[in-house]
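To start, the structure under review is shown below, and the notes come after it.
Values in this text are rule-based calculations from the coordinates and carry no lab data. Since the model is a prediction, treat every value here as computed from it, not as a measurement. Cβ atoms come from the backbone with ideal geometry, glycine included; neighbour counts cover every protein chain shown.
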Amino acid sequence: MMRVLFVTGEYPLMQGGVGDYTRRLGEALGELDADVHVLTHIDAGGDHLRAAATPYEPTVYPALKQVGWNLWGDVLAAIDEVQPEVVQVQYQSAAYGLHPAVNLLPSRLRLRRSRSVVLTTFHDLKFPYLFPKAGPLRWQAVLALARGSDASVVTNPADWERLNAAGLGEKLRPIPIGSNIRCEVPNEYDRTRQRARWGAGPETWLLAYFGFLNANKGGETLVQCLAELVRRGAPARLLMVGGKVGSSDPTNMAYLAKVEKLIDDLHVADRVQWTGFTSSEDVSANLLAADCAVLPYREGASLRHGSLMAALAHGLPIVSTALTNMPAEAMKKFPMLVDGDNALLIPPEEPVRMADAITRLMTGSALRSRLAAKAAVLSRQFEWETIAQAHLLAYRSLGVAI
């Protein structure tokens, strides 16, 4: 049986998309007969995971202290214990405290002459902190991680294009992420009652935003869009689904305060409901209660976002933002949202145009039905079994016996 060791700075019960992704991928690989182990932060794991009613649950080692060069020793100790054929780093710099130890980990494993194949999944390409005015050296730290790995999993066209332009095309494996939230209708679910819980009646436009707030996700545009809809007399309410900020990035708190102040300044606090961090079942119930998902990402509707995957998995009609200046070669590597076909896409940071798109959607039942159906079809390409199979192909391409 092939053994895989994931290294990740976050994992449930911590709040964070990378942790949820790692668990879902581990479960899917386990169902395909892999033996999956996870080295992660000391705050993760617990009886809740072991008691989960899933066909397979990875073995979790909550040992990392998140920052510092001690990461190397922790990983080497885990390799000695697990003896994995594959070591796969789940990279999001904030989840490792912006420390560069993770960027140099593959090189350190080479010095140790580890026999494990090393892959890195780039959840983003953000830089670690090196020292003041490090400038271009920060990007070189990201490239050191990619160059030191035997292969790199990239989850979206923008990251594929940037790493490919750095001469790493042969090492890249384009594999999108999936939804961390299963579409599961809870027992005794009543959509009317669920909507009423958030002050939404039959005629209300219940708009759902899902995911932690940060500066790249367009929270200010979202609030300005709601204010524009209210100004027009639309019966719109905004449901903020899930926790406000995650466990890894402390800068999100400052951005949350900025968005909350804007809500007050634009006098729409009575139209905004926050669910807070809830179980996956409650997240699913709230998404199913919504009329559409509104996701105004500043970088465009990138496939890196688990919130987008969740909206697709729940068959929601989606209003989001268009990717710009993306080469066709990169776009062809991934299944994509297409404006007017499976989503409505407008330029980033255009709240009035976003309000126009929502109005068009909410006043056109045929359009809503068509986009919802197309979203559900597209979501099949992001199912976890498909993603796990793609990982097995990536391992096999590196000589791992499956």
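Observations, loosely collected:
- Choice from Ser116, Ser279, Ser93 with maximal GNM fluctuation in the chain (Cα, 10 Å cutoff): Ser279
- Selection of GluC sites (Glu not before Pro), segment 104-210, meeting DSSP coil and at most 16 other Cβ within 10 Å: Glu184, Glu188, Glu203
- Option label - semi-axes √(5λ) of the Cα gyration tensor in Å computed here, alternatives (i) 69, 20, 14; (ii) 36, 22, 20; (iii) 39, 25, 20: (ii)
- Shape category assigned to segment 94-240 from the gyration tensor of Cα positions, a/c cut at 1.5: prolate
- Counting all C-alpha pairs of segment 268-402, share separated by more than 21 Å (%): 49 percent
- Mean-square fluctuations from a GNM of the chain, with a 10 angstrom spring cutoff on Cα atoms, peak among His37, His123, His267 at His267.
- Each peptide in 356-369, 301-314 gets a packing score, the mean of other Cβ atoms within 10 Å over its residues, and the list from highest to lowest is 301-314, 356-369.
- Separation in nanometres of the label points that stand 7 Å from Cα toward Cβ, at Leu32 and Leu256: 3.6 nm
- Amide H contacts under 5 Å for Met14, placed H, 5+ residues apart: Gly45
- Residues within the reach of a label modelled at Tyr129 (point 7 angstrom out along Cα to beta-carbon, backbone nitrogen below 19 Å), restricted to segment 252-283, are 252-256.
- In the chain, Cα pairs under 8 Å separated by at least six residues give a relative contact order of 16 percent.
- Straightening the chain between Glu188 and Thr324 buys 44.6 nm, computed as 0.36 nm per residue apart minus the Cα-Cα spacing.
- Legend: calculated FRET efficiency, Thr359 to Lys65, from the Cβ-Cβ distance at R0 = 60 Å, rounded to 0.05, equals 0.75.
- Computed E for Leu393/Ala166 - FRET, C-beta separation, R0 25 angstrom, nearest 0.05: 0.60
- Amide H partners (placed H, <5 Å) of Arg3, local residues excluded: Asp35, Glu85, Val86
- Extension gain (nm, one decimal) between Arg147 and Arg115, 0.36 nm per residue minus Cα-Cα: 9.8 nm
- Of the residues Val153, Val338, Val272, the one that moves most in a GNM of the chain with alpha-carbon contacts below 10 Å is Val338.
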